[in-house]
Amino acid sequence: MDSQNKALNLFINAFMIAFCIIIIFPVIYSMLVSFQEPRMAFYSIIPERWTFQHYIRLFSHGLFPRYILNSIIYAIGGAIVSTSLSALAAYALARFQFRGKGLVNSFVLGMMMLPGLISVIPIYKLASDLKLLDTYTLLIIVFGAYGIPLGIWILKAFFSSIPQVLDEAAFIDGATPLQAFFKVILPITTPGLIATFLINFVYNWNNFFTPLILVTRTNMKMATVGLFDFQHVLEGNQDELLAAACVVIMIPSILLFIFLRDYFMRGMIEGAVKG
Amino acid sequence: MRGKKLSILIAVLLMATLVLSACQPAAVEEPVAEPPVVEEPAVVEEPAVVEEPPVVEEPEVVEEPEEVEDPGVLRFWGFYDLTNEEDGRAVQMKANIDAFEAETGITVQYEQVAWDVMAMNVSVAAVAGGDLPDLIMSGYEYIQGMVNAGALMDIYDEIAVADFYSDLNEFEKNLNESGGMRYAVGTFVGGGQWYYDTEIYPDGFPETQEGWATECERLSAEDKYVATFYAGRAEAAMTQGLAPLVWSLGERLFDEEGVPQFDSDAVVQAIEFWREMYNNGCVPEVAFTGDWSATEAPFEDRSAGAYRGGTWSYIFVTGLQERFEAGTVAIGNPPALTGGDQGWVFMNVENFAVTSRAENVENAIKFIEFFMNPANLAPWANSNFGVPARASAMEDPVFESKFYDDTLANLTRNGQGTETSPYYNETMNSLSATVQDLVLNSNLDIRSGLESLQQEMILLYFD
Amino acid sequence: MINRSKSYPYILVTPAILFLMIVTLYPTLYSLYLAMTRTRMGIMEFVGFRNYRIALMSTEFWQSMRNSLIFTSFYVLLTIVIGYGIALLLNRGMRLTGLYMTIIFLPWVLSEITTGVVWRWMFYQDYGILQNLLGPLFGGYKFISRPEGAMGIVIAATVWRSISFAMLLLLAGLQTVPKEVHEAAAMDGADGWKSFWKITWPLTLPTTIVTIVFMTIQAVNGVGMILSITEGGPGRATEVLGLLMYRQAMQFYNFGYAAALSVTLLILNFILAAFYIRGLNRETALAG
């Protein structure tokens, strides 16, 4: 029975490893392509001559550094907005009993189920009427709002897991609920806040479709949209250059994810299990 | 605690900004003897949360010479990435802009907008109240759409008094002037052009449907294609590929009011022709499914005997110039569909246009005049391998070559101005998707597909 | 529960709700109005249900509906089946589970455009890696230039990217099944397969339903991926409803027509969302 189990385990592990290789292959492939000489990418998978020229070119010519800067601004800005707003709301929902609480809960749930696609084009039309197009404000607000349902979902779970006695203790010491929030609860839920912030940051950083529609002014574009443009603007096969751009865009997400995986997973799972 | 977190984040953001903005090493291995590349010179945007306020400078118009006045700025949207040193057109544009700035003291605020989205961006900005520059570039076929969107300014009066006006060639005037109004100024004329391999076609390039079928049989045996051309899902594929075929039968894609007539017999026949070529392998598959550069590849590696490019093809097709000068590639006549007597190529003029909300109209006109100076126009047209719109610029020695002789002959004999319509972009784009479907799927009925497209176009735009 | 001051919770909750209303709810409602307008020469005019009528008469619309249906069904099926399988394997709690999960999750934290572009390269007509690998197996079939092939690529790529999402949800569901249940079944002589069908599957059904609905919503949202890989081509083979909507709005600025399309999309989503709510109720009822 035990050797059978061992063999089964071995088999499963082998299968999983193969599966993971298949999953990760495209990512590795794009990295390999980015180091290839121009037009050499399709003759061999592994570069014969490794070169950094595409990365150098990306950051010395043209708008790519600007695009990266824009991405940083939008991603961080949006994440800050959504994390802070959802923290406040989640605290209220987890701790307080008030009229309309059920309504709020359903509302947030409902918003979670509205695909972003539906609202982007009206947002575009409204923003253009308000002359908000092509500003940093617009996309930060939109990203901020998009992240709120998920943020509330995750943070409510975190807040709920903190025993009430802590609040009570603070109140006995004479603190207002808000003070209790900032000084006692919040520090403890830092993992939850970080998780929410990171998830939102990565989601915003990678967001492609929404900024494609809402930001059309060339030098306000995000890196993801810029990449899409590159494909059209670049004449001739410049896939290696595009690959370098892809890798640059991928790096923050990959690094954040590998080192902070626990935060990510915890956030998602807490929300999934308790939401 | 929260404040601490915020300030950490802000510090990180600032550091990142500093690092990235410092990260501009001089260009390393560029062959062209140019100084180190600087990022786009004139576009200054502060990463602030506020939209860039419109630049309002003192107007240029002064009666008597005054003391020092600020010459002002010119906001200009152009096609090219001015930091790209491998594109002759970008290099030339940059040189012209620099010279203009030096001569007039006007600061040019340049922004790149790709040629295939320029008209869209401009029209949308006009309609939605967005930011419009003073001056833009545009191909001729998009002008009417932009006029309809209220995006362009009528500059007939300003141009009629310009010193280059009398020198403009008739083609340009015909296209850009109508009803006493003029919305654009053409800089050079370009158009489609068929290049063929003289070794594959020693007797010349076939100009009829039957000719193509015959050559196809011969060449298929050698694993070669009759020709390659871009026929993908883009409006340009229709303008450059389908429209001339329709013209060869004496029909047009739009009527005089710009209403599409996509379900005519001519269009059906054109699509049938393409479908036949696709199914029989006379034209490579990438012509219909690939992108521009994938389409050029078969001609570059000589597996296709001909290529329908344009006057600009030297820029994009590797080795074309060398082969033409060596005599192994020649410029041929376009094919006509059965029942038509002559094949056509489209002809186009590239324009400057002043937007309806331009704030620096004088500077824009000055720029146009500067550009139309033969000393500036000739190299500009040449960098695009186009024919300058001013006769006097044509006398520049840079145009004395077999290439220009043949090009001029081609455009004169085979060229026809592109059609236009208030909804050119939209309808042609939809047409290209339908055409691609019809060519690739032989079990679809061409006529009914076109009829339903035609109906939809009318309902959406013209009803 | 604290009941210190009546207004505190409202103050806390209001900013978030306000944001959501302004950015998500209001535009969605606005699109209902937009769908009844059209803009001619810069003037917006009310046209009633005309946009919907045009859509219903348009072959392009029906084709995109058909494409959306094909895409969504295969996508949901594959993610659920594969996701569930992987979740089962990972549920065994092997040593390398953490590593596996990290790798499987990787595509999800990458952007649609970067991954889409890579998939496009891998299937380049003449020299894409996967094209060269798989093409000969199908007699030189050029995947990306054929309607069915392109749809296959797009489905594969989107599944690849979001497998982890489904897997995570399903794994969470699996982990709510206590080990004792399995052990009890094993003691009663039930083998692996029976144990799965009779015990695990029914117990995780609510989670599975929730995941199905989530993935269906994702399928609707997955336009970015398709845009990056094929841009709707060849022809209209991979043009799903969301892509058609994007094109109509951003390339042809037929905002009214695009809004009508998005309303159609919304209705589709509502039907799916109804399932979500029911599934959630079932799940809480079972758990509580």
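Read-outs: derived from the displayed coordinates by stated rules, not from any lab. Nothing here was measured: the structure is a model prediction, and the numbers come from that model. Note that each Cβ is placed from the backbone with ideal geometry, even for glycine, and that neighbours are counted across all protein chains shown.
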- Task: Could you grab the relative contact order for chain A? Cα pairs under 8 Å, six or more apart, rounded to a whole percent.
- Result: 32 percent
- Under the definition of partner shielding as Cβ atoms of other protein chains within 10 Å of a residue Cβ, what is the mean value for peptide B:430-441? 4
- Just counting partner chain Cβ atoms within 10 Å, what average do the residues of peptide B:109-122 show around their Cβ? 3
- Task: Work out which helices of chain C, taken as complete DSSP H runs, extend at least 20 Å along their axis over the Cα atoms and score a mean Kyte-Doolittle of 0.0 or more, then list them.
- Result: C:59-90, C:147-175, C:201-221, C:255-287
- Cβ-Cβ FRET estimate between residue B:375 and residue C:137, R0 fixed at 60 Å, reported to 0.05: 0.45
- Query: Once Lys and Arg get +1 and Asp and Glu get -1 on their Cβ, which of A:116, B:122, B:164 lies farthest toward the positive end of the dipole of the protein assembly as shown?
  - Reply: A:116
- Of all DSSP beta bridges in the protein assembly as shown, what percent run antiparallel (nearest 5)? 65 percent
- Task: Quick one: compute the contact order of the range C:50-287, relative version, from alpha carbon pairs under 8 angstrom and 6+ residues apart, as a percent.
- Result: 31 percent
- Task: Subtracting the Cα-Cα distance from 0.36 nm times the residue separation, let me have the gained length for residue B:257 to residue B:103 in nm, one decimal.
- Result: 51.1 nm
- Which value at 222 nm does chain C reach when only helices count, each DSSP H run of 4 or more adding -39,500 (n - 2.57), with the total divided by all residues and rounded to the nearest 500 deg cm²/dmol? -22000 deg cm²/dmol
- Item | Zone residues, the range B:145-182, relative to residue B:412, backbone N less than 14 Å from point 7 Å out along Cα-to-Cβ | B:170-171
- Please tell me the relative contact order of the range B:199-271 in percent, rounded to the nearest whole number, where contacts are Cα pairs under 8 Å and at least six residues apart. 16 percent
- In the neighborhood of residue B:412, defined by Cβ-to-Cβ distances under 11 Å, what is the net charge if each Lys or Arg adds +1 and each Asp or Glu adds -1? -1
- Task: Can you pull the one-decimal nm distance between simple spin-label points at residue C:66 and residue B:280, each 7 Å off the Cα toward Cβ?
- Result: 2.9 nm
- So, with points 7 Å from each Cα along the Cβ direction, the residue C:199-residue C:94 label distance in nm works out to 2.2 nm
- Computed [θ] at 222 nm, helices only, for chain A once each DSSP H run of length n ≥ 4 contributes -39500 (n - 2.57): -25000 deg cm²/dmol
- Query: Of the peptides A:23-33, B:182-192, how do they stack up when ordered by the mean number of other Cβ atoms within 10 Å, highest first?
  - Reply: B:182-192, A:23-33
- Query: Roughly how crowded by other chains is peptide A:82-90, in terms of the mean Cβ count from those chains within 10 Å of each of its Cβ atoms?
  - Reply: 5
- Assigned charges on the beta-carbon of Lys, Arg, Asp, Glu; the protein assembly as shown dipole about Cα centre (debye): 7640 debye
- Work out the P(r) tail for the range C:50-287: percent of alpha carbon pairs separated by more than 26 Å, whole number. 48 percent
- Computed from the beta carbon distance with a Förster radius of 22 Å, FRET efficiency for residue B:458 and residue C:43 to the nearest 0.05 stands at 0.65
- Item | Cβ-Cβ FRET estimate between residue B:395 and residue B:116, R0 fixed at 41 Å, reported to 0.05 | 0.80
- When each of A:156/C:179; B:173/B:366; B:173/B:224; A:125/A:183; A:125/C:142 is checked by Cα-Cα distance, pairs over 31 Å: B:173/B:224; A:125/A:183; A:125/C:142
- Task: Specify, per residue and in Å³, the volume enclosed by the convex hull of the alpha carbon atoms belonging to the protein assembly as shown.
- Result: 194 Å³
- Residue separation between residue A:101 and residue A:130 times 0.36 nm, minus their alpha-carbon distance, gives in nm 7.2 nm
